[in-house]
1. Hey, what number do you get for the chain at 222 nm if only DSSP H runs of n ≥ 4 count, each worth -39500 (n - 2.57), divided across all residues, to the nearest 500?
2. Identify all aspartates and glutamates with a Cα-Cα distance to Lys248 below 13 Å; exclude those on the same chain that are fewer than 8 residues away in sequence.
3. Would you kindly find the accessible area of Asp274, with a 1.4 Å probe and non-protein molecules such as ligands, DNA and RNA excluded, rounding to the nearest 10 Å²?
4. Average the reciprocal distances over every distinct pair of alpha-carbons in the range 12-79, invert the result, and give the Kirkwood radius in Å.
5. Using Cα-only point scatterers and the Debye equation, what is log10 of I(q)/I(0) for the range 267-374 at each q in 0.22 Å⁻¹, rounded to two decimals?
6. Which sequence of Val188, Val177 reflects their accessible areas, 1.4 Å probe, from the largest down?
7. Against the empirical 2.2 N^0.38 Å scaling, what ratio does the C-alpha Rg of the chain come to?
8. Rolling a 1.4 Å sphere over the protein heavy atoms, what is the accessible area per residue of the range 266-374, to the nearest Å²?
Amino acid sequence: MWAQPLLVQITNGFGLSPASGGFLVTATQIGYAIGILFIVPLGDFVRRKRLIAIVMTLSIIALISCALSPSFIILALSLFSMGIVTISGQIILPLAGDLSRDEERGHIVGIVSSGITTGILFSRFFSGIIAGLWGWRSVYIIAAVLNLVMALVMIYVLPEIPRKNKLESYKGLLFSVFTTFKRHSTLVRILLHSGLIFGLVFNIFWTSLTFLLSASPFNYDTFQIGLVSLAGLVAAIAGLGIGKLQDKGLSVPALGVFILICLITMVCGFIFSDSIIAIIIIAATLSIGVQGISVLSQARLFALSDEERSRLNTVFVVNNFLFGAVGSASASFLWAMGGWSYVMIGAIAISAMALMVWLSSRSSFHEFDNGIGN
């Protein structure tokens, strides 16, 4: 997310079209998905504290490489590498599910998820400000310093947590990730809700918003684009209480409401594309809807099994960011085809698809909640 407000500045610096910037985000997200798939399951296999220290150290190296990249290709490869190792938050999140009681798990997951969302949004905000002052390379230098500080803090405060299972090999651990679909029949439906909205709609909107705001009639610089990103902070605040809907047995209807919110905001985005006030309201409302879907989906996911939350979270996040990679690439494609109107039409169609998935999933989710099925 550091790169999104910087896309225009980066592409201009390398003499490329703004639409090419979407592929930098895609490279990061594909790398992130690989890191989640091959590293996060180790949270069930090795000591988490050591694992977090290693991946945060590697992320510092990757950030420095981004700052020093002499070409667009090297930057894309550096961002790809950075995506692989910036996954410490996803190692910690399943731990929150493990340590919480059943009746409060949704609330706890919501709090941790909101913290991650806040970090994403502030990264967009501050990257825009920093790039406006000192250029886009300085963003990655400062990020490397912040990661170093956080790594030292995490090493100091995290307790030693033993491995959770009796799997004897890394190969067996990875194999068990892929067989989660066989063990949990509702998993595909959970993944579809989150992938369509967070992965596609959210990424299509925010990637294209950078192109919209940097062009006429707005002509915003990276600092101003970063300020607009703050609209999403309302989602982080709302997320603190969203998880309680799962704990109270209201997650199924609430999920439908949040999907409908996303659909309506994208329709509004199509209609009100020349008003910055409208765009800020749309961005804030969309962020609430996306956060609601993400928190409720993840809380439902962690309820599937007490023994394999790291692996379930791996499947969840890989799914989101594979969808997200498609979303970012689609944003560039739709923008090149027809600008903002094509982007919004695509987002509306995807939101409507997610609503149909929810309508077909209600009975399965209710059966699981009542202890009938999985």
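The values are calculated or read from the model by the stated rules, or taken from the named source; none is laboratory data. Computed from a predicted model, the values in this text were never measured in an experiment. Keep in mind that these areas ignore ligands, DNA and RNA; they rest on the heavy atoms of the full protein, side chains included. Shrake-Rupley method; radii C 1.70, N 1.55, O 1.52, S 1.80 Å.
1. Numbers: 16 runs with 287 residues, N = 374.
After summing the helix terms and dividing by the residues of the chain, the value is -26000 deg cm²/dmol.
2. Leaving aside aspartates and glutamates fewer than 8 places away in the same chain, those within reach of Lys248 are Asp102, Glu103, Glu104, Asp369.
3. Its heavy atoms expose roughly 110 Å² to the probe.
4. Numbers: mean 1/r = 0.0738 Å⁻¹.
Kirkwood radius, the range 12-79: 13.5 Å.
5. Scattering profile of the range 267-374, log10 relative to I(0): -1.32.
6. My answer, sorted largest first, is Val188, Val177.
7. Scaled against compact globular proteins, the figure is 0.95.
8. With the other protein chains kept in place, the range 266-374 gives 38 Å² per residue.
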